[in-house]
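Reading through the structure tokens given below for one structure.
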Amino acid sequence: MDIKPLLRSAKDRLASAGISEVDAEHLFAYVIGISRMDLHNPVLLESTLTSMGDFGVIEDTFAKLISRRANHEPLQYLTGVAYFRYLELEVGPGVLVPRPESELLVDAVLTHIKNISEKNEGAISVIDLGAGSGALALAIATEAPQSRVIAVEKSPEAITWLKKNVAAISENVRVVEGDVSDVLIGVTCDIVIANPPYVPDNQTLPQDVADHEPHIALFGGTTGMELPQRFIDASARLLKSSGVLAIEHTEEQGPLIAQALESNFTEIVLHYDLTDRPRWTSAVRR
């Protein structure tokens, strides 16, 4: 059975909408229950298609998914899966799709946890503010078993996905629903990671993001700094002296984040992603 014409037509439709053609392969593989790489294994592909029977059902399902993707619905929402480091996370409408740029922040936090563990016995406490799907919290919990992670999320829609992922991946992560400003009163920790809504309210975003991902997780106020400031204030309350904060932000916000940190933090360092863009800042609680 030759699927090349079907895929070619789907790729052309996606390309005309400004979307990567490879998404057609991801979606067809999803429909028939194999990996994208297995699409290029002719023996496995043929046996899979034969076992499924009615190819018309496959075509119809695939066509509907291509239409939704051409309308800029995120690929991860269509397949229900997002990959982050070594994790396979459930995602869908109401929760932000994990970004690969955040993986470098996790790397740095894991290194810091290792350094602390070499000097001190006992668990390292980590609080993830704005946990969303749980990508960062679960990556740290699974890769640093000596950590004890609390994931804080305000959005009821995101909490649904967060709880699903915690149940599937690491039930050791504690989920707390609430606003960062008033959760965990009296609790202190060694590390806070924060991914606040930081996009200025009037900034134009890609259609995939603007039309489908939750605005509550994206927009940070008129200047974009209103909500990051609340996350910084919460971090100052939650961190022990000498505790470390790692906070994500836009490429332009580094100086403003540093200014907001100055009163309660020291050793403020701006960090760059793999494309040399400033994407997050670390700081040490005074």
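Rg to Rh for segment 1-51: what is it, with Cα atoms only and Rh by Kirkwood? All intermediate terms of the calculation are to be shown ahead of the outcome.
Details: Rg = 11.1 Å, Rh = 11.2 Å.
Here the Rg-to-Rh quotient is 0.99.
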Residue 4-residue 34 pseudo-label distance in nm [points 7 Å out on the Cα-to-Cβ vector]: 1.6 nm
DSSP-assigned coil residues among GluC sites (Glu not before Pro) in segment 96-176, each with at most 11 further Cβ atoms within 10 Å: 121, 171
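Relative contact order (percent) for the chain, with alpha-carbon contacts under 8 angstrom and 6 or more residues of separation? Let's see the in-between values first.
Working: 500 pairs, mean separation 37.1, N = 286.
13 percent.
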Close Lys-Lys pairs in the chain, where close means Cα under 22 Å and separation is 8 or more or interchain: 6
Compactness of segment 169-286 - radius of gyration and Dmax, Cα, Å: 14.8, 42
Segment 1-101 - Rg over Rh from alpha carbon coordinates, Kirkwood radius: 0.97
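Quote the Stokes-Einstein diffusion coefficient, in whole µm² s⁻¹, for the chain, based on the Kirkwood radius over alpha carbon pairs, a temperature of 20 °C and a viscosity of 1.002 mPa s.
Numbers: Rh = 20.4 Å.
This corresponds to a translational diffusion coefficient of 105 µm²/s.
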Loop GluC sites (Glu not before Pro), segment 17-59, which have at most 15 other Cβ atoms in a 10 Å radius of their Cβ (DSSP): 21
Candidates 14, 49, 238: whichever shows maximal mean-square fluctuation once the chain is modelled as a Gaussian network with Cα springs under 10 Å: 49
Spin-label model distance (nm) - residue 262 vs residue 171, 7 Å beyond Cα toward Cβ: 4.9 nm
Label-point gap, in nm, between residue 103 and residue 277 - each point 7 angstrom along Cα→Cβ: 1.6 nm
Cα coordinate range in segment 54-209, projected on the principal axes (Å, largest first): 61, 39, 25
Solvent-accessible area, 1.4 Å probe, carbon plus sulfur percent, for the chain: 52 percent
Average accessible surface area per residue within segment 139-260, 1.4 Å rolling probe, Å²: 45 Å²
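The values are calculated or read from the model by the stated rules, or taken from the named source; none is laboratory data. If you're wondering where the values come from, they're calculated on a predicted model, not measured in any experiment. Reconstructed Cβ throughout: ideal geometry from the backbone, glycine too, with neighbour counts over all protein chains shown. Just the protein is used for accessible areas: all its heavy atoms, side chains included, with ligands, DNA and RNA removed. Shrake-Rupley method; radii C 1.70, N 1.55, O 1.52, S 1.80 Å.
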